[in-house]
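Only the coordinates and a few stated rules stand behind these numbers; no lab work does. Computed from a predicted model, the values in this text were never measured in an experiment. Using ideal geometry, Cβ is built from the backbone for each residue, glycine included, and neighbour counts are taken over all protein chains shown.
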Amino acid sequence: MISTEIVKGVHYIGVNDRTTTRFEGIWPLPYGVSYNSYLVCGSRKNAVIDGVEVSHCFKQIDKIKEINPEIKIDYLIINHMEPDHSGGVVALCREFPDMKVVGNAKTADMLKGYYGLDENVVVVADGDTMDLGGKTLHFHLTPMIHWPETMMTYLEEDKVLFAGDAFGCFGALNGGIVDKEMDTSLYYPEMTRYYSNIVAKYGLFVQKALAKFADVPVDYICSTHGPVWHDELKKVIGIYDRLSRGESEEGVVIAYASMYGNTEDMADVIARRLAVDGIRNIKVHNVSYSDESFILRDIYTYKGLIVLSPTYNGCAFPKIEALLSSLQLRAASGKVFACAGSFTWASAAVKRINAMVEKLKFTRVGDDVEMKQGMSGDVAEKCRILADKFAAELRK
Ligand code: FEO
């Protein structure tokens, strides 16, 4: 058997999913995803922490049996009930009929609702502890990262934080489990994508959780997705802190729609001028072709956002409306923002974009550029002036 021990008595028993194409049915998985699960063995009791998605539940059970074919599992600790982590709970209960399922009051309600489980359920409250024999688990409720029942479990003796979705990322584990066993460069963009797609609406709760653990010594973060963080722990915590505070790097995302290339001409003039002005990170997305998942990732990575749309049915282009709606849902903040648009006979897109971002905490820059039909020297100059002002604002 190949060791999957992270620290003595704590084993990785998670699985990789390289066949599901869209997480939650919406977010693409070009590098797959892992559903992480852990086995904590005390001198008296054993606990599984976090489950896996239903179609992988027998792999998880096999991994437990590989570690010890005779093992008795006393507890399943459920930090998060979303089915990518709880789907295998029924199979695990059948395999280990004496096992108790541990969660908080909201977890218990969801166990009953999703799986009809209401026996052998142990309800814990914030601050409760459980002694497995030299392995003491502390339960901390951290609601809304990413559901109301979410909690984190801290293993005192080994300073391991089982963090649920927090600090997680897309991307299957390709051999390495702990960050020191791999090149982690794949996972950082996938962490920002995971945060922006899944967790961003709950940034305030991430901040509360970070404050709660500020004085707790942590050597390992065991998230439910992606690598176990150890060597790069500080970097990962810093990323989550910045993302949840709405902070980002210098750079600009230009998200545009264009039916026949005219609005795209405006986007290209702006992008070129930004480059001449010295901006080096410029990500241009045609919203009809870039998946929203990656556009959101870039918007959360970079400080600047410029949106361009043709007028369409008296509104903005549908995919621009969808993107702005996603930003509204996440209460995106901290962006330097500008917009531009085009129309053929009646202007509406720019007005609509402005209405959709009105309540977001963005810093508006320059005058909106509106183009009737096709590019002209006057419109190009207005785009360049907008880009100049935008670059200057980014550098403030
Ligand atoms: Fe990985 Fe919110 O589930």
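Some points to look at:
- Above-threshold pairs, the threshold being 29 Å between Cα atoms, out of K159/K208; K212/K361; K112/K235; K8/K106; K106/K319; K235/K396: K112/K235; K8/K106; K106/K319
- Each Lys and Arg contributes +1 and each Asp and Glu -1, all at the Cβ; summed about the Cα centre of the chain, the dipole is approximately 980 debye.
- Stretching K201 away from I71 to a fully extended chain increases their span by 42.8 nm, per 0.36 nm per residue minus the current alpha-carbon distance.
- 5 Å-binned pair-distance histogram of the stretch 157-232 (Cα, whole percent): 3, 16, 24, 26, 18, 10, 2
- The modelled label-to-label distance for the pair D62/R272, using points 7 Å beyond Cα in the direction of Cβ, is 5.7 nm.
- Comparing Cα centroids, the stretch 353-396 and the stretch 1-52 end up 46 angstrom apart.
- Cα lying deepest toward the dipole's positive end in the stretch 1-116, options M81, S43, Y115, charges on Cβ: S43
- Dipole magnitude for the stretch 243-396: computed about the Cα centre from +1 point charges on Lys and Arg Cβ and -1 point charges on Asp and Glu Cβ, it is near 420 debye.
- Long pairs among K135/K180; K303/K372; K351/K382, criterion Cα-Cα beyond 22 Å: K135/K180; K303/K372
- Zone residues, the stretch 218-240, relative to L210, backbone N less than 14 Å from point 7 Å out along Cα-to-Cβ: 234-240
- Pairs of Cα atoms farther than 30 Å apart, the chain, %: 45
- Nearest-ten-degree value, helix 105-115 long axis tilted from longest Cα axis of the chain: 90
- Stretching T20 away from E156 to a fully extended chain increases their span by 45.4 nm, per 0.36 nm per residue minus the current alpha-carbon distance.
- Here the stretch 1-88 is treated as an ellipsoid with the same Cα gyration tensor; its semi-axes, largest first and in whole Å, are 25, 14, 11.
- Per the Kirkwood formula applied to alpha carbons, the stretch 237-396 shows a radius of gyration over Rh ratio, Rg over Rh, of 0.94.
- Helix axis angle, 292-301 relative to the chain longest principal axis, alpha carbon, degrees: 90
- Neighbour-limited loop hits for GluC sites (Glu not before Pro), the stretch 305-371 (at most 12 other Cβ within 10 Å; DSSP other than H, G, I, E, B): E358
- Span from the the stretch 312-327 Cα centroid across to the the stretch 264-282 one, whole angstrom: 23
- Each stretch of four or more DSSP H residues adds -39500 (n - 2.57); spread over every residue of the chain, this sum gives -9500 deg cm²/dmol at 222 nm.
- Förster-model FRET efficiency, 35 Å R0, Y114 and N313, C-beta, rounded to 0.05: 0.30
- The dipole here belongs to the stretch 181-236: it is taken about the Cα centre, uses +1 on the Cβ of Lys and Arg and -1 on the Cβ of Asp and Glu, and is about 440 debye.
- Scattering profile of the stretch 61-107 at q = 0.18, 0.24 Å⁻¹ [log10 I(q)/I(0), Debye over alpha-carbon scatterers]: -0.57, -0.94
- For the stretch 256-361, the set of trypsin sites (Lys or Arg not before Pro) satisfying both a DSSP loop assignment and a count of at most 11 other C-beta atoms within 10 Å is given as R280, K359.
- Listed residue (Q373, G304, A346) projecting farthest to the positive dipole end of the stretch 266-391, Cβ model: G304
- Relative to the longest principal axis of the Cα atoms of the chain, the long axis of helix 262-276 lies at roughly 80 degrees.
- Among beta bridges that DSSP assigns inside the stretch 1-160, antiparallel share in %, nearest 5: 70
- Each residue of the stretch 142-151 is assigned a 3J(HN,Hα), and the resulting list reads 10, x, 6, 10, 10, 10, x, 8, 4, 9 Hz, derived from the Karplus form 6.51 cos²θ - 1.76 cosθ + 1.60 (θ = phi - 60°), x at Gly and Pro.
- Segment D128-Q373, extension gain: residue separation times 0.36 nm, minus the distance between their alpha carbons: 81.7 nm
- Top positive-direction residue, dipole computed over the chain with Cβ charges, set G334, Y289, M99: G334
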